[in-house]
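Here, each number is a calculation from the coordinates, and none is a lab measurement. Given the structure is predicted, the values throughout are model-derived calculations rather than measurements. Don't worry about glycine lacking a Cβ; one is built from the backbone with ideal geometry, like all the others, and counts go over all protein chains shown.
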Amino acid sequence: MKILLVDDEQGFLDVMGDILRDHGHEVILAENGKQARESLEVENVDLIISDIFMPTLDGARFHSYVREFSGAHEVPFVFVSGYDDENTRSLILDPKKDFFFSKTTPPQIIVTFIDSLSAPPKP
């Protein structure tokens, strides 16, 4: 699976990027929504994982761009944030393709979830 990973914390990008690669995923890194938007102009991805609070273009505005203007409007979008509150969770507009994990979630749980997205549907 080709994953666009977006976060302004380099440590999170490095660790989560390595974990995803170790599980066989191709990972494209972006440090903010603007870089992520530019990546989507030249790359097709199967999944987007994005922080919410970032400089330049935050995750909420990037999500709006993805859903309204990009060719990736059907791509699953996972918000990952250190903030886990009602306002943060209100960004999940379509529970079939928008998801949320706290940054305190163990990486293996996130990887298992990602693997479930790419698994063939059960009859």
Using a simple charge model, +1 on the beta-carbon of Lys and Arg, -1 on the beta-carbon of Asp and Glu, nothing else, what dipole does the chain show about its Cα centre, in debye to the nearest 20? 380
Ignoring the sites themselves, what is the longest stretch of the chain with no chymotrypsin sites (Phe, Trp or Tyr not before Pro) in a DSSP loop and at most 14 other beta-carbon atoms within 10 Å? 1-52
Please compute the modelled spin-label separation between Q108 and E68, points set 7 Å along Cα→Cβ, answer in nm with one decimal. 4.1
Rounded FRET efficiency, nearest 0.05, which uses the C-beta distance separating T56 from K96 and R0 of 41 Å: 0.90
What stretch of the chain, leaving out the sites themselves, is the longest with no GluC sites (Glu not before Pro) in a DSSP loop having at most 16 other Cβ atoms within 10 Å? 75-123
Cα convex hull of the range 2-118: mean projected area in nm², to one decimal? 6.4
Along the Cα→Cβ direction, 7 angstrom out, place labels at S118 and E86. What is the inter-label distance in nm? 3.8
